[in-house]
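One structure is given here, and the rest of the page talks about it.
What follows draws every value from the coordinates through simple rules; no lab data is involved. For clarity, every value in this text was computed on a predicted model and none was experimentally measured. As a convention, Cβ positions derive from the backbone with ideal geometry for all residues, glycine included, and neighbour counts pool all protein chains shown.
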Amino acid sequence: MFKGMNVYGALAAIGLMAFAGPVTAQTPSNPAAHYPERPVTLIVPFAPGGGTDILARLIAQKLEQAWGKPFIVENRPGAGSVVGAQAAARAEPDGHTLFLASVSNLSANPTLYKKLPYDPKDFVPLALAAATPFVLVVNPSLPVKSVAELIDYVKARPGQINYASSGPGVPHHLYIEMLSGMTGIHMTMVPYKGSLPALNDVAAGHVPLMMVDLGPVLGAIQGNLVRPLAVSVARRIDVLKDVPPLADTVPGFDASGWFMMAAPAATPRPIVDKLHDELTRLLATSDAADQLLKAGLLPVPNRSVEDLRKYIADETARWGEVIRRAGIAGTF
């Protein structure tokens, strides 16, 4: 092999062979083998204190306990969750930036907005995290005590009644538009950066009503700061047994929000699978279920990454129809 080489050339060749061998052997074939290698950021597209934020901190705590690396919740509120979604979509696709997505950013915004600074296809779904019923609440000074009375009150004041929302495209907005489309009423949205500041203004009387997720509103209801008129799901829920479903007055109304863990689309599949498997495992534990229920969230069965893609597509078709029927497609 070394014929024609001098001794120095032969030694150099042997050195190169010795150097090349271990490098090839040590090249990792599975990028998930040592994941996570550093702190992971979990972007939440709403302000602290709301149901999405509570869920994100629960998931971050569970993943940190499982893998021994920090999982840091970063709130990026604004523009009905668009600001946070854009930041997550542009993050390095290495699994160290995750996103707590929802029906708004993945299924409603594509129809609601003329142009988005991200595409839902910029994300790969990891796992369904939770669902949440919503509650239609009013300030106690509003002279209505039922959904039927509210409908009559708004109809008598066309275009004069405002409602609070966490911005366009979120369930707080969509469910009011769904109600409006099914009853022929019209109200004007006042956008906020999260459900908590919106709820605070309803309780203070600055805005008369809103549709709000169960977790943040329970304390306000118990403290008589707001009056609940109905829940968004088509059945009564245990923690608000005296509050009827909207469907009792508006037949066919049935809606609950959902949250989904996601990552930038180019994240390597082995890391996606590792996250999917761990999230599915930890969200199925009785401890996680108990904590979700205490926060006003509902545990949900999980499914494969491929089935989650289909779920998003089905939800996009469903809410796209609601948005078009309400006449607000492409209005933001």
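Mind listing the long-range amide H neighbours of residue 163? Cut-off is under 5 Å, sequence gap 5 or more, other chains count too, H placed in the peptide plane at 1.01 Å from N.
188, 189, 190
Under a crude label model (7 Å from the Cα following the beta-carbon direction), how far is residue 237 from residue 206 in nanometres?
About 2.5 nm, to one decimal.
Within segment 133-248, what percent of beta bridges assigned by DSSP are antiparallel, to the nearest 5?
60 percent
Excluding residue 278 itself, calculate the net charge of residues whose Cβ lies under 13 Å from the Cβ of residue 278, where each Lys or Arg counts +1 and each Asp or Glu counts -1.
Taking every Cβ under 13 Å from that of residue 278, the sum is +1.
How many nm is it between the label spots at residue 29 and residue 160, if each spot is 7 Å from the Cα in line with the beta carbon?
Between residue 29 and residue 160, the label points sit 7.4 nm apart.
Which percentage, to the nearest 5, of the DSSP beta bridges contained in the chain is antiparallel?
Numbers: 23 of 37 bridges.
Taking every DSSP beta bridge with both residues in the chain, the antiparallel ones total about 60 percent.
Rounded, prolate or oblate, given the Cα gyration tensor of segment 181-297, with a/c below 1.5 counting as rounded?
Since a/c reaches 1.5 and a/b is larger than b/c, the shape of segment 181-297 is classed as prolate.
Taking amide hydrogens as modeled 1.01 Å from N in the peptide plane, which residues meet the under 5 Å criterion relative to residue 76, leaving out close sequence neighbours?
44, 46
On a C-alpha basis, how far is the centre of segment 254-307 from the centre of segment 170-216 in Å? Whole number, if you could?
Each part's Cα centre sits 26 Å from the other's.
What are the ³J(HN,Hα) values, in whole Hz, obtained from phi via the Karplus relation 6.51 cos²θ - 1.76 cosθ + 1.60 with θ = phi - 60°, for each residue of segment 122-127 in sequence order, with x given for Gly and Pro?
6, 10, 10, x, 10, 5
How high is the relative contact order of the chain, given as a whole-number percent (alpha carbon pairs under 8 Å, six or more residues apart)?
Over the chain, the number comes to 26 percent.
Summing +1 for each Lys or Arg and -1 for each Asp or Glu, what net charge is found among the other residues whose Cβ lies under 13 Å from the Cβ of residue 195?
Surrounding charge for residue 195 is -2.
Calculated from the structure, Rg and Dmax of the Cα atoms in Å equals which of [x] 24.7, 102; [y] 21.0, 73; [z] 19.1, 59?
It is the one labelled [x].
With a 10 Å cut-off between alpha carbons and a GNM built on the chain, which of 154, 170, 82 moves the most?
Among 154, 170, 82, the largest GNM mean-square fluctuation belongs to 154.
Which length gain, in nm to one decimal place, applies between residue 303 and residue 287 when the Cα-Cα distance is subtracted from 0.36 nm times their residue separation?
3.8 nm
Can you tell me how segment 133-248 classifies by the Cα gyration tensor, rounded, prolate or oblate, using a/c under 1.5 as the rounded cut?
rounded
Among the aspartates and glutamates, select those whose C-alpha is under 12 Å from the C-alpha of residue 294, and discard any that sit fewer than 8 residues away in the same chain.
Answer for residue 294, where 12 Å is the Cα cut-off: 238, listed by chain and number.
Between residue 66 and residue 294, what length comes free when the chain is fully extended (0.36 nm per residue of separation minus the Cα-Cα distance, one decimal in nm)?
Result: 79.9 nm gained on full extension.
Anything over 25 Å Cα to Cα? Flag those among 121/274; 115/155; 62/121; 69/193, in the order listed.
Long pairs (Cα-Cα over 25 Å): 115/155; 62/121; 69/193.
In whole percent, what relative contact order does segment 133-248 give with Cα contacts below 8 Å and a gap of six or more residues?
37 percent
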